[in-house]
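Undergrad: Can you keep this structure in mind? I'll have questions shortly.
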Amino acid sequence: MQSSLQTYLEGRIDFEGQNKVEKITRIALPGITATAFFAGLATQSLRLTFSLLGLATLALALMVVPQWPMYNEHPVKWLPVKDAKKKE
Amino acid sequence: MHSIYQRINNLSALLSSCVLSLLAAIALSSLLFTADPMGTLSIGSVKVYPGKARNFNEPRREHAFVRFNVSADLSPLFHWNTKQLFVYLGAEYANSAGVINDVVIWDRIVRRKEDAVINVSGKNKYIFKEVSSSFKAVEPAFYTLKYNVMPYVGALTYGEAARTDEPVVFPVVQDRV
């Protein structure tokens, strides 16, 4: 139980997953900011701007921070262990 | 990016840059709104009475009493980045020593767009004294209605909504009524 909780909190994802997370964050966060700005400018409401930014950022965090299975689809394939004893 | 903490760090680092640029964009967006509302200001009467000064070296100090009518619709100044307005009525004159004074005699803070229509006929809210203790030989004064726009983010901006057409003369001092 404790070890599974620890693994979840550590939340390791594979290299492909890391790349995906990086790309999603790089595109989504500036997009959210620009949307929030123009939505607020159009409705003349700063409250809308900042609530939109906050809620969308929380949703994005929920999407990229936990260890979702889609970030663990390409585990690293290690080479088989060589039999070291043969050489001796 | 391999662990949860690294992903939180990455997200919050980019978020701080985004928030800063959002704030800068909001501050710059104030430049898009260039409302310049004009109102009217007329001075009903100006009276000068002698009064006691707290300073012992100057036992007598003259006080001016100004009655004015102000009407201005400042609601165009309210946009998404306006927190409040500071509206003030000032008297601009050069005193006998030639020093140009700008004395605030009345003000009001407008916090909501609904309250931005100003229709006031009143008298000076603050004591109107001359530094030289007398209004004798003081130039006639222009009265102005000015405002500050205080934004949520960005720079404070100033403006003038009304000004008397003619300078108003300070009358000779009267005895106390």
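Undergrad: Determine if the stretch A:35-58 includes at least one residue that is within 11 Å of chain B (Cβ to nearest Cβ), part of a loop (DSSP other than H, G, I, E, B) and closer than 23 Å to B:ILE8 by Cβ.
TA: Looking through the stretch A:35-58, none of the residues is within 11 Å of chain B (Cβ to nearest Cβ), part of a loop (DSSP other than H, G, I, E, B) and closer than 23 Å to B:ILE8 by Cβ.
Undergrad: Filtering the stretch A:48-88 down to residues that are open to solvent by less than 90 Å² (accessible area, probe 1.4 Å) and among the β-branched types (Val, Ile, Thr), which residue is farthest from B:LEU22 (Cα to Cα)?
TA: In this case the residue turns out to be A:VAL76.
Undergrad: Among the residues of the stretch B:77-106 satisfying the criterion of being under 17 Å from the mean Cα position of the chain (by Cα) and closer than 18 Å to A:LEU46 by Cβ, which is farthest from the other protein chains (Cβ to nearest Cβ)?
TA: Among residues in the stretch B:77-106 that are under 17 Å from the mean Cα position of the chain (by Cα) and closer than 18 Å to A:LEU46 by Cβ, the one farthest from the other protein chains (Cβ to nearest Cβ) is B:LEU85.
Undergrad: So which residues in the stretch B:133-164 are part of a loop (DSSP other than H, G, I, E, B) and at negative phi, if there are any at all?
TA: B:SER134, B:PHE135, B:LYS136, B:VAL138, B:GLU139, B:PRO140, B:TYR152, B:VAL153, B:ALA155, B:LEU156, B:THR164
Undergrad: Taking the condition in the same structural domain as B:GLY98 (by TED's automatic domain parsing), buried (at least 16 other Cβ atoms within 10 Å of the Cβ) and closer than 24 Å to B:LEU32 by Cα, does B:ALA141 pass?
TA: Criteria not met by B:ALA141.
Undergrad: Yes or no: A:THR43 open to solvent by 30 Å² or more (accessible area, probe 1.4 Å), β-branched (Val, Ile, Thr) and farther than 30 Å from A:ILE13 by Cα?
TA: yes
Undergrad: Another question, then. Take the residues of the stretch A:1-27 that are open to solvent by less than 30 Å² (accessible area, probe 1.4 Å) and either at pLDDT 95 or above or closer than 26 Å to B:CYS18 by Cα (or both): which is farthest from the other protein chains (Cβ to nearest Cβ)?
TA: A:GLY17
Undergrad: Taking B:LEU41 and the conditions (1) more than 14 Å from chain A (Cβ to nearest Cβ); (2) surrounded by fewer than 16 Cβ atoms within 10 Å (Cβ to Cβ), which numbered condition does it fall short on, given that it satisfies the others?
TA: (2) is the only condition that B:LEU41 fails.
Undergrad: For the stretch B:33-82, give me each residue that is more than 26 Å from B:PRO171 (Cβ to Cβ) and touching a Phe, Trp or Tyr at 6+ places or on another chain (Cβ under 6 Å).
TA: B:HIS79, B:ASN81
The values are calculated or read from the model by the stated rules, or taken from the named source; none is laboratory data. Not measured: the values here are computed from a predicted model. So basically every Cβ, Gly included, is an ideal-geometry build from the backbone, and we count neighbours across all protein chains shown. Surface areas here come from the heavy atoms of the whole protein model, side chains and all, with no ligands, DNA or RNA. Shrake-Rupley method; radii C 1.70, N 1.55, O 1.52, S 1.80 Å.
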